[in-house]
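The values are calculated or read from the model by the stated rules, or taken from the named source; none is laboratory data. A quick note: this is a predicted structure, and the numbers were derived from the prediction, not measured. Here Cβ is always computed from backbone atoms with ideal geometry, including for glycine, and neighbour counts include all displayed protein chains.
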Amino acid sequence: MTETTGAGVQGADKGQMVYEGKAKRVYEGPQPDTYVVVYKDDATAFNGEKRGTIVGKGVINNRISNILFRYLETKGIPTHYLKDLSERETLVRALTIVPVEVVVRNRVAGSMAKRLGLPEGQVLPYPVVEFYYKNDALGDPLVNEGHVTALGWASRAEVAAIQTLALRIGELLGQFFTPRGVALVDFKLEFGRDSAGGIRLADEISPDTCRFWDATSGEKLDKDRFRRDLGGVEEAYAEMLRRVEVQA
Ligand code: TMP
């Protein structure tokens with residue numbers, strides 16, 4: 001199966017589409033227990049109310065996320081990543097996704113600033129982990145660990161593993177971004193279960209799913225430029241790719 005997009009033919013061997021999200025499509029992969037993820041240029045915000053295109057975003061997010069997933073794997077984090085297929089396509093392990101978005105916050109920003117009436121930028125003495133139930137119809141509501149276990153989304157042991165992994169990933173990403181002049185303000189992770197029952201990092205880590213501020217100027221280098229109509233969106237994504245690709 002081939003697919004033609006504005007960026008050219010995406011030729012990886014794919015089966016049936018199993019899922020279409022706001023920023024990616026997922027297909028059955030060439031081997032059992034694999035999926036092919038295809039990154040789109042589509043951008044949405046506020047649960048899909050605001051829509052647009054960020055030209056080249058799919059290529060950039062695929063590259064950034066794969067570099068970060070490979071880095072995390074070298075540091076002992078189990079992930080879904082298997083290999084790069086093309087500039088927008090990645091082969092991943094098929095996981096059963098835990099329907100929870102895990103947000104780790106190093107500083108107050110975004111919905112935390114709004115919910116608690118705090119200014120953006122305040123550094124937290126230690127990272128705060130939050131869970132949001134992945135449900136578009138409900139607008140991804142904030143939930144707690146009790147909701148996650150009592151509603152059967154994950155076991156207590158899995159929640160503990162997710163929390164430990166999320167904090168470790170935060171430390172490792174901090175070590176990656178600090179020498180690249182980027183403050184990692186907050187980020188969102190997703191996890192899933194592999195066929196052996198192990199918890200692995202899934203989804204992506206990119207300017208769509210993190211707040212990246214230039215460490216010196218505080219300039220936003222992430223999707224907040226799109227969400228808040230700040231301009232310079234494509235330039236910010238390109239700048240983040242440049243910094244991620246730098247040997248630091
Ligand atoms: P928030 O401050 O809006 O809750 O966002 C926290 C982090 O999660 C931020 O880095 C952006 C990311 N995020 C997503 O990846 N997907 C989403 O749907 C939302 C709302 C936030």
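Per-structure values
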quantity	calculated
Which numbered condition VAL129 misses (of (1) under 21 Å from ARG225 (Cα atoms); (2) within 13 Å of the ligand (Cβ to nearest atom))	(1)
Residues satisfying the stated conditions in segment 135-154, i.e. in contact (Cβ under 8 Å) with a residue 40 or more places away in the chain, assigned to a loop (DSSP other than H, G, I, E, B) and under 13 Å from PRO99 (Cβ atoms)	ASP140, TRP153, ALA154
Number of the exception - ALA94 against (1) within 18 Å of PHE177 (Cβ to Cβ); (2) in contact with a Phe, Trp or Tyr (Cβ under 6 Å, 6 or more places away or on another chain)	(1)
Pairs with Cβ under 8 Å, 6+ apart, first in segment 93-120 and touching a residue at least 24 places away in the same chain (Cβ under 8 Å), second polar (S, T, N, Q) and within 12 Å of the ligand (Cβ to nearest atom)	PRO99/ASN135
Criterion (of a type in the set (Ser, Thr, Tyr) and farther than 28 Å from ARG225 by Cβ) met by exactly one of THR34, THR44, THR90	THR34
Residue match in segment 95-102 (condition: within 16 Å of the ligand (Cβ to nearest atom) and among the charged types (D, E, K, R))	yes
Test: residue in segment 71-79 that is among the small types (Gly, Ala, Ser), more than 16 Å from the ligand (Cβ to nearest atom) and surrounded by fewer than 16 Cβ atoms within 10 Å (Cβ to Cβ)	yes
Residue match in segment 228-240 (condition: surrounded by 21 or more Cβ atoms within 10 Å (Cβ to Cβ) and among the β-branched types (Val, Ile, Thr))	yes
Residue in segment 214-236 that is touching a helix residue (DSSP H, G or I) at 6+ places or on another chain (Cβ under 8 Å), modelled with pLDDT of 95 or more, closer than 19 Å to LYS75 by Cβ and assigned to a loop (DSSP other than H, G, I, E, B) present	no
Residue match in segment 188-204 (condition: part of a loop (DSSP other than H, G, I, E, B) and under 21 Å from GLY48 (Cα atoms))	yes
